[in-house]
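Below is one structure, written out as structure tokens, with a few remarks after it.
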């Protein structure tokens, strides 16, 4: 985000990844250290947002888009609220937020795994390092245009699917006919607003 404002700071979790490496060292801090770091980073973020001269989508290649970090911050706040044991549960997440989070975190799944939400008409299939939404429900093992689109299907409420993909405890665990697949590392966040899941 500071790059959008012309400021160069320390390491950050950006479009090129690095989330796992950045999150690991702070995980060992105590509560007081977390509060101090949160206040410091929030102030840095507020300064960076205030300094962005233009929030429109950059037309030039290589110019950072200021919008994707806003969505990253939103995901970080809501996901980490679950970690703080303040009584916040995935059931409190907005459907649009949960749907967006599934789209961003879908690359954590092995290729060919489908996620089907039971409470909204959405199905996603992980593939080739990126996820894609597909129409319809119950796609596991079906063929589309002569090719198999999913080899396993994980089913649950969209908020629970998002929490599970985020490595958090869902309110209602997703289910699958096969064992639930392991989750890969956190993906890099989308670098451009056109790449944000809808």
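Each reported figure results from applying straightforward, stated rules to the coordinates on display, with no laboratory input. Predicted, not measured: the structure shown is a model, and the values here were computed from it. We place every Cβ from the backbone using ideal geometry, glycine too, and count neighbours over all the protein chains shown.
May I ask you to derive the FRET efficiency for residue 195 and residue 92 from their Cβ-Cβ distance with R0 = 22 Å, giving the value to the nearest 0.05? Working shown, then result.
Working: r = 27 Å, r/R0 = 1.23.
Using R0 = 22 Å, I get an efficiency of 0.20.
Please report, in Å, the Rg and the Dmax of region 47-106, where both are computed over Cα atoms only.
Here Rg and the maximum Cα pair distance are 14.6, 44 Å.
Could you order the peptides 188-194, 58-64 from most to least packed, using the average number of other C-beta atoms within 10 Å per residue? List each step's numbers first, then the result.
Numbers: 188-194: 15.1, 58-64: 9.6.
Taking the mean over residues of other Cβ atoms within 10 Å, the ranking is 188-194, 58-64.
Test of understanding: what is the full-extension gain from residue 168 to residue 42, defined as 0.36 nm times their sequence separation minus their Cα-Cα distance? Please list the in-between numbers first.
On the way: separation 126, 0.36 × 126 = 45.36 nm, distance 2.31 nm.
Full extension from residue 168 to residue 42 adds 43.0 nm.
Pull out the extension gain between residue 60 and residue 77, defined as 0.36 nm times the separation in residues minus the alpha carbon to alpha carbon distance; nm, one decimal.
Separation in residues times 0.36 nm, less the Cα-Cα distance, equals 3.1 nm.
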